[in-house]
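Handing you this structure, nothing more for now.
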Amino acid sequence: MAVAAFVLGLLGLLVLNIVLGPIAIVLASIALWRGTARRGRALLGLGLGVADLVVLVTLMSMDNTVSWSLGL
């Protein structure tokens with residue numbers, strides 16, 4: 001679960017951060033609660049999940065919309 005949280009958190013920075021961010025946070029929290037041997041990956045997954053949501057909120061506030069786009 002720790003590795004899955006890390007991968008989903010990292011992937012969430014690029015796409016679908018509104019979905020993958022919370023999933024990464026939940027998986028990392030469960031992994032830490034169960035006492036995973038990969039504590040560092042779980043913490044990175046937790047941090048990346050939170051970063052996903054911060055990026056989403058930042059980009060939403062710049063566009064003043066519920067969703068974000070890069071304006072390409």
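The values are calculated or read from the model by the stated rules, or taken from the named source; none is laboratory data. Since the model is a prediction, treat every value here as computed from it, not as a measurement. Note that we place each Cβ from the backbone using ideal geometry, even for glycine, and neighbour counts take in every protein chain shown.
Just to be sure before I move on: is Arg38 surrounded by fewer than 19 Cβ atoms within 10 Å (Cβ to Cβ), under 13 Å from Ala4 (Cα atoms) and modelled with pLDDT under 95 in the structure I sent?
Values: surrounded by fewer than 19 Cβ atoms within 10 Å (Cβ to Cβ): yes; under 13 Å from Ala4 (Cα atoms): yes; modelled with pLDDT under 95: yes.
Here the answer is yes, as Arg38 does meet what is asked.
Can you pull out the residues in the range 19-35 that are under 22 Å from Leu59 (Cα atoms) and exposed (fewer than 15 other Cβ atoms within 10 Å of the Cβ)?
Selection gives Val19 alone.
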